[in-house]
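Working notes, structure below.
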Amino acid sequence: EDAVRQRPEEGYLLLDAADVFRDAGRADRAAALVAQAERRVPDGAWLRRMATEAVSRAELMEAMGCYRRLLEIEPAAKDVHESLAGLLAGTGDRTAAVAHLEEACCRFPGHASLKALLCHWLGEDLARRGEVLRQLLELNPADGWARRELALDLKKQGRHGEAVREAAEARAVEPKVAASSGILGDVLQAAGRPEEARGCLHEALALDVDYGWAISELIAMAPDHVSKQAELRWVLGQLETQVTNGDGLMRWTSEAWVLREPDEVLEVLERVRGIRPDLWQAWSVLSNHLSDMGRRDQALAVVAEAAERF
C-alpha cells in the first residue's frame, strides 16, 4: 500500500501489487488495482491481467471477451489463442475451441506454435492431426516433436512401417533428445522388433535417466525375470553416474519393489540418499519403502529429518 501511494501512476507496480493482494485473499483490492492500472500499462498487458482476474472470479464469458479484445491487438499471440481455446472448451464447447484454432491457423499458415496447439486439441482425430503435423514438417522438416507425434499417430493406426520411418527421422534430427530414442523404441516394439526396441530405450535412458516412462517400458519388454533384474541393475548404474532430478529414482523404486527383495531395495535407497541428500525424492522413496516394509518408526524418523532439511 505504501508503494502504491508513492507511485500511483506506475502501472506495472499496480499489477504486481494486485498479485500480492489477491494472494492475501483481498480480491476486491486486487481488482481495484488492476482497474487503476488501465492506460498506465500497454493495452495487451492490461487485458491479459483483466482476463486473469475474470477467470479467478469464474466470470468465464468476461474473460473470453478480454481475450477476444486482446486478439484484436495481438492477433497471432499463441498464449491468448491457447487461453481462449481452453475457456471455450471449459464452457462445454470443445468443437468451438478446435474451430477457433483452425481459423487462426488458416489466418497465420506459417505459425508453427499455433499448429502444434491445434494438434493438441484435435485429440484422437488422427486423420486431421496427421494433416496438421505434415504441415508443420513442411514448415520445418527438422521439427523433431512433430515427427515423434506423427510416428505415434501412425502406430495407433497400425501403420508400423511408416511410424518407424518417422521416428527414425526424429532421432536423426534430434539425436540428443531422449524422447526421440524412446519413441523409436516404442514403435519398434509395436512393429515386432523387440531387441531393437530395447536398444533404443537404453539409448534414451543413457541420455536422460529421469525419462521415467522408458524405465517402465524397458523392464516390461524384458522377456523373463532374470532379464528384468538385469535391466534394473543397468538403470541403477545410470542413476549412480548421471546427474538426476530424482524422478528416475522414484520410477526405479516402484519397479524394484515388485522385482527385488525389500532389504535389497532398502540398501540401495539408503546408499542413494547418502550420495544425493539434496534430492527430496531420495528421502521420500526411502521413507515410503520403510513404511511398506512395516518399519514405521524408522520411516517417521526419515520424514521428520526430511521436513527439517527441506
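The mean sequence separation of alpha-carbon pairs under 8 Å and at least six residues apart, normalised by the residue count of the stretch 1-129, gives a relative contact order of 13 percent. Per residue, the stretch 252-310 exposes 58 Å² of accessible surface when a 1.4 Å probe is rolled over the protein heavy atoms with every protein chain present. 3J(HN,Hα) couplings calculated from phi for the stretch 302-310 with the Karplus curve 6.51 cos²θ - 1.76 cosθ + 1.60 (θ = phi - 60°) are, in sequence order, 5, 4, 5, 5, 5, 4, 5, 5, 9 Hz; Gly and Pro show x. Mean sequence separation of contacting Cα pairs (under 8 Å, at least six apart), scaled by the length of the chain, corresponds to a relative contact order of 6 percent.
Considering only alpha-carbon pairs that sit under 8 angstrom and 6 or more positions apart, the relative contact order computed for the stretch 1-49 is 36 percent.
Taking all protein chains as present, what is the carbon and sulfur share of the accessible area of the chain, in % to the nearest whole number, probe 1.4 Å? Spell out each step's value before the answer.
Numbers: 8040 of 15790 Å².
Carbon and sulfur together cover 51 percent of it.
Taking the centroid of alpha carbons for each part, the stretch 241-310 and the stretch 103-180 are 38 Å apart.
Tell me which aspartates and glutamates have Cα within less than 19 Å of residue 156's Cα, excluding those fewer than 8 residues away on the same chain? Residue 156 reaches 124, 125, 131, 166, 169, 186, 217. In the assembled protein chains, residue 300 presents an accessible area of approximately 120 Å² (probe radius 1.4 Å). For every other residue with a beta carbon closer than 12 angstrom to the beta carbon of residue 288, add +1 if it is Lys or Arg and -1 if Asp or Glu, then tell me the sum. For residues surrounding residue 288, the net value is +1.
Dipole of the chain computed with +1 at Lys/Arg Cβ and -1 at Asp/Glu Cβ about the Cα centre; of 245, 96, 215, farthest Cα towards the positive end is 96.
Accessible area, 1.4 Å probe, largest first: how do 254, 180, 227 sort? Could you put the intermediate results ahead of the total?
Numbers: 254 65, 180 0, 227 25 Å².
Reading off the accessible areas and sorting them downward yields 254, 227, 180.
Local charge sum around residue 228 (other residues, Cβ-Cβ under 15 Å, Lys/Arg +1, Asp/Glu -1)?
Values: positive: 198, 233, 251, 260; negative: 217, 224, 231, 255, 261, 264.
Net charge in that neighbourhood comes out at -2.
Ignoring ligands, DNA and RNA, what accessible area per residue does the stretch 1-46 give at 1.4 Å, in Å²? Could you put the intermediate results ahead of the total?
Numbers: 2850 Å² over 46 residues.
Per residue, the stretch 1-46 has 62 Å² of solvent-accessible surface.
Starting from the Cα-Cα distance between residue 74 and residue 3, subtract it from 0.36 nm times their residue separation and give me the gain in nm to one decimal. Please list the in-between numbers first.
On the way: separation 71, 0.36 × 71 = 25.56 nm, distance 3.10 nm.
Taking residue 74 through residue 3 to full extension adds about 22.5 nm, to one decimal.
So how do 108, 21 rank on accessible area, 1.4 Å probe, biggest first, that is with the largest at the start? Don't jump to the answer; show the numbers that get you there.
On the way: 108 50, 21 25 Å².
The most accessible residue leads, giving 108, 21.
The local environment of residue 262, defined by Cβ-Cβ distances under 12 Å, has a net charge of -3 under the rule Lys, Arg +1 and Asp, Glu -1.
Partners of residue 155 within straight-line reach, counting lysines whose Cα lies under 24 Å from its Cα and excluding those fewer than 8 residues away in the same chain: 115, 176.
Residue ranking by accessible heavy-atom surface, 1.4 Å probe, largest first, among 293, 221, 250 comes out as 250, 293, 221.
The values are calculated or read from the model by the stated rules, or taken from the named source; none is laboratory data. Here the structure is a predicted model, which is why all the values come from computation and not from measurement. Neighbour counts are summed over all protein chains in view; Cβ atoms, including those assigned to glycine, are modelled from backbone coordinates with ideal geometry. To get the accessible areas, we keep the full protein, side chains included, count just its heavy atoms, and leave off ligands, DNA and RNA. Shrake-Rupley method; radii C 1.70, N 1.55, O 1.52, S 1.80 Å.
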